[in-house]
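These notes concern the structure reproduced below.
The values are calculated or read from the model by the stated rules, or taken from the named source; none is laboratory data. Since the model is a prediction, treat every value here as computed from it, not as a measurement. Note that each Cβ is placed from the backbone with ideal geometry, even for glycine, and that neighbours are counted across all protein chains shown.
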Amino acid sequence: MIYEATEANINKAANILKEGGLVALPTETVYGLGGNALDPQAAARIFEAKKRPHFDPLITHIADMDMLDEICVVPDKYRDILSRIWPASLTVIVPRKQIIPDLITSGLDTMAVRMPDHPIALEVIRRSTGAIAAPSANPFGYLSPTTAEHVESQLGMAIDMILQGGPCRVGVESTVLDLTQETPVILRPGGFSIEELSKLFEGVKLFDRQVVTPSSPGQLKMHYSPRTPLYIVDGPEDVPPELASESAYLGFRKDELNSVINFCHTNYLSDSGDFIQAASRLFILLHELDEKQIKAIYAQKVPEEGLGRAVMDRLYKASVK
């Protein structure tokens with residue numbers, strides 16, 4: 001059941017988390033399935049509710065820098081940067097402290113941590129335990145939820161409470177940056193662009209998609225997938241007419257859809273090539289198209305610059321290989 005984020009319901013959510021329950025929280029990226037990050041039993045409930053494999057680590061969410069020092073070890077030069085830019089759509093990989101259960105980190109000596117840029121999420125974290133594990137509130141491998149209604153339809157009674165926060169502003173998951181290597185490495189493109197990171201972290205580079213064993217969330221090759229087969233194309237001309245008539249086309253720009261006439265459904269990510277709008281609409285449109293009675297979804301490639309990298313990363317992982 002979805003609850004409005006009133007003062008009483010925020011307190012209710014915090015108490016559920018302190019008692020080991022699960023609460024779906026709105027963030028600026030996607031809705032997260034929150035559980036106490038200091039409680040291994042709560043972590044186990046997250047994995048069970050999502051049907052998530054235990055080798056895929058969880059992101060721990062915090063609301064202040066004091067908690068960061070309690071759960072992990074961050075070099076001073078990076079801590080200073082994070083204190084300036086958090087809250088933001090940026091997750092970092094850092095050495096963990098023993099207060100964090102092994103299940104949260106999938107047995108790794110490192111952990112993923114971020115401070116979400118959403119007032120409801122921050123308030124719930126502050127009033128509960130100060131550290132909440134919150135992967136996307138959806139069954140593992142399926143489309144991420146960007147509305148409370150997405151959470152309700154996908155997880156239903158598997159969780160104790162869903163807090164309403166409206167549509168997510170960013171609409172794709174956080175960028176994941178590994179700070180344990182000599183040079184910072186982006187393990188997952190997301191809501192914080194590589195162009196922005198390059199101004200803050202010297203020498204930052206992008207990960208290699210051939211990575212198989214995940215050291216952070218979102219590294220698996222198949223992820224964020226609709227049930228309807230999704231294929232990536234350069235344009236509508238790449239799809240044979242006999243396939244198009246039973247399929248949907250998801251274009252990048254509205255102003256380029258005039259020639260798309262053979263598909264039974266058409267939609268677009270952006271009015272005129274705006275990457276921020278494209279990212280915010282991606283999962284909403286994939287949810288809508290996945291509910292249609294169609295054979296396939298054909299998604300147009302998005303230029304890999306700015307948030308376009310995050311959009312293409314999600315499309316790649318959702319697509320049939």
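So, Ala13, is that one surrounded by 22 or more Cβ atoms within 10 Å (Cβ to Cβ) and under 18 Å from the mean Cα position of the chain (by Cα) or not?
So Ala13 fails the test.
Within the range 100-144, take every residue that is over 22 Å from Leu187 (Cα atoms) and β-branched (Val, Ile, Thr) and give me the one that is surrounded by the most Cβ atoms within 10 Å (Cβ to Cβ).
Here the residue is Val124.
Do we find a residue being more than 17 Å from the chain's Cα centre (by Cα) and of a type in the set (Gly, Ala, Ser) anywhere in the range 32-42?
Within the range 32-42, one or more residues are more than 17 Å from the chain's Cα centre (by Cα) and of a type in the set (Gly, Ala, Ser).
Filter the range 63-77 down to the residues that are over 21 Å from Gln98 (Cβ atoms) and surrounded by fewer than 20 Cβ atoms within 10 Å (Cβ to Cβ) and list them by number.
Kept after step one, since they are over 21 Å from Gln98 (Cβ atoms), are these residues of the range 63-77: 63, 76-77.
Once the filter is applied, which keeps residues that are over 21 Å from Gln98 (Cβ atoms) and surrounded by fewer than 20 Cβ atoms within 10 Å (Cβ to Cβ), the range 63-77 yields Asp76, Lys77.
Could we say that Thr180 is surrounded by fewer than 21 Cβ atoms within 10 Å (Cβ to Cβ), within 24 Å of Ile93 (Cβ to Cβ) and either at pLDDT below 95 or not aromatic (Phe, Trp, Tyr) (or both) here?
Yes: the conditions hold for Thr180.
Report those helices (runs of 4 or more DSSP H) wholly inside the range 231-321 carrying at least 1 residues which are closer than 30 Å to Glu195 by Cβ.
Ranges flagged: 275-290, 308-318.
What residue, among those in the range 236-281 that are in contact with a Gly (Cβ under 6 Å, 6 or more places away or on another chain) and either in contact (Cβ under 8 Å) with a residue 24 or more places away in the chain or in the same structural domain as Thr29 (by TED's automatic domain parsing) (or both), is surrounded by the most Cβ atoms within 10 Å (Cβ to Cβ)?
If we take residues in the range 236-281 being in contact with a Gly (Cβ under 6 Å, 6 or more places away or on another chain) and either in contact (Cβ under 8 Å) with a residue 24 or more places away in the chain or in the same structural domain as Thr29 (by TED's automatic domain parsing) (or both), then Ala279 is surrounded by the most Cβ atoms within 10 Å (Cβ to Cβ).
What about Gly21, is it closer than 21 Å to Glu173 by Cα, outside any helix (DSSP H, G or I) and not hydrophobic (A, V, I, L, M, F, W, C)? It would help to see each step written out before you state the result.
On the way: closer than 21 Å to Glu173 by Cα: no; outside any helix (DSSP H, G or I): yes; not hydrophobic (A, V, I, L, M, F, W, C): yes.
No: the conditions fail for Gly21.
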